Structure formats: structure tokens, C-alpha cells
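K.L.:
Got a structure here, written out as C-alpha cells. Questions coming.
Read-outs: derived from the displayed coordinates by stated rules, not from any lab. Quick caveat: nothing in here was measured; it's all calculated off a predicted structure. Cβ coordinates were reconstructed from backbone atoms using ideal geometry, including for glycine residues, and neighbour counts include every protein chain displayed.
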Amino acid sequence: MASTLTNLLYHIVVSTKNREPIITAPIRENLYRYIGGIIRGEGGVLLEIGGMPDHVHLVVRFKSEPSVATMIKIIKSKSSKWLNEQPKRPGRFEWQRGYAAFTVSVSQLPNVRAYVRNQEQHHRRKTFQEELREILDKHGVAYEERYLWD
């Protein structure tokens, strides 16, 4: 084949360090827009973003390169740097070291986007920890509880 043709869709979950509830309403929209700009700058597409004060869900389309791990590293480092440079920012903003990433089939994309868009509704019934365990189990991801919450 003369060219590389892909449609690589991912659902990514990142948490603030120690799950601190610091993505508050005054910064949320600007942070989300900034993350979208980072992704576009790297050749990706942000399809949906949503979250709570202690975590963010992204639905994205990435190119085949750089890797998902590299893209997440870029998103986290650039967004935390930007946020820490904002005036009147109380304290230091940091993301948790790890992340969760799952592939999304085109047929399930509308459902995943709706799930991400409705985070506040989901979290009326369950905590972030319950949500992440449920997603990991649904996708058959093996994990050790003690390493999930550093």
C-alpha cells in the first residue's frame, strides 16, 4: 500500500496527582480547550472531553505515530505547564503518573462520547475509583489495586 491509512480511536482517562479535586469550574473550560489545542498541534483530533475535578476523560483520534504513550505524555506535560503558568493559580497542578487508555470501535463511538460528556451524572452514583475499576474490568485489563491510586 502506498500510504498509511488509519482510524485510531481511544478513550483515555487521566487523574490529578493524588486525585486532588483541583480541576474546578473556573479553569475547566480553558483547560479542556488547551488540551484540544495540544492534540490538534500533534496531528490528532479531540472528539470529546469531560470529567470531574479529579480526573479527565478524552475521546481522541490519533495518528499511528507518535505512540499513545508519547501523546499522553505530551498532553499531560504541556497542559500542566500551561496551567501552572496561569495567574492566580492556587498551588501546583500535577497529573498522576499513570493513565488508562482503551481502543474504541467506530460502532461504539457515540456511546463512549455520551459517557464522557455525562461525567457529572455518572459520578452522582459512583466514585472515580469505582468507575475506573469498572472500565478496567469491562476491557479485561489486569491490575493490582495497590498500584492504581498512587
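K.L.:
Tell me, please, whether a residue that is under 18 Å from Thr103 (Cβ atoms) and among the β-branched types (Val, Ile, Thr) can be found in the stretch 22-36.
P.N.:
For the stretch 22-36, residues under 18 Å from Thr103 (Cβ atoms) and among the β-branched types (Val, Ile, Thr): absent.
K.L.:
I'm checking my understanding of the structure. Among residues of the stretch 83-114 that are in contact (Cβ under 8 Å) with a residue 60 or more places away in the chain and among the hydroxyl-bearing types (Ser, Thr, Tyr), which one is nearest to Glu20 (Cα to Cα)?
P.N.:
Tyr99
Residues checked against (1) closer than 19 Å to Gly50 by Cβ; (2) in contact with a Leu (Cβ under 9 Å, 6 or more places away or on another chain); (3) surrounded by 13 or more Cβ atoms within 10 Å (Cβ to Cβ):
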site: Pro87; (1), (2), (3): no, no, no
site: Gly91; (1), (2), (3): no, no, no
site: Val112; (1), (2), (3): yes, yes, yes
site: Asn118; (1), (2), (3): yes, no, no
site: Leu132; (1), (2), (3): yes, yes, yes
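K.L.:
Moving on. Please go through the stretch 27-47 and pick out each residue that is more than 16 Å from Met71 (Cα to Cα) and in contact with a Lys or Arg (Cβ under 9 Å, 6 or more places away or on another chain).
P.N.:
Within the stretch 27-47, Ile27 is the sole residue that qualifies.
K.L.:
Give just the number: which of (1) touching a His at 6+ places or on another chain (Cβ under 8 Å); (2) under 22 Å from Met71 (Cα atoms) does Gln119 not satisfy?
P.N.:
(2)
K.L.:
Now a separate question. Got a number for residues in the stretch 61-75 being touching a residue at least 40 places away in the same chain (Cβ under 8 Å), in contact with a strand residue (DSSP E or B) (Cβ under 6 Å, 6 or more places away or on another chain) and buried (at least 19 other Cβ atoms within 10 Å of the Cβ)?
P.N.:
Result for the stretch 61-75: 1.
K.L.:
If we keep just the residues of the stretch 18-60 that are of a type in the set (Lys, Arg) and crowded, with 16+ Cβ neighbours inside 10 Å, which is nearest to Arg92 (Cα to Cα)?
P.N.:
Once the filter is applied, the top-ranked residue is Arg19.
K.L.:
Still on this structure, please answer the following. Identify all residues within the stretch 1-41 that are in contact with a strand residue (DSSP E or B) (Cβ under 8 Å, 6 or more places away or on another chain), assigned to a loop (DSSP other than H, G, I, E, B) and either more than 15 Å from Ser79 (Cα to Cα) or among the charged types (D, E, K, R) (or both); write none if there are none.
P.N.:
Across the stretch 1-41, the qualifying residues are Asn7, Pro21.
K.L.:
Does any residue of the stretch 46-69 turn out to be among the hydroxyl-bearing types (Ser, Thr, Tyr) and part of a loop (DSSP other than H, G, I, E, B)? Full working, then the answer.
P.N.:
Here is the first cut: in the stretch 46-69, the residues among the hydroxyl-bearing types (Ser, Thr, Tyr) are 64, 67.
Then keep just the ones that are part of a loop (DSSP other than H, G, I, E, B); that gives 64, 67.
Yes.
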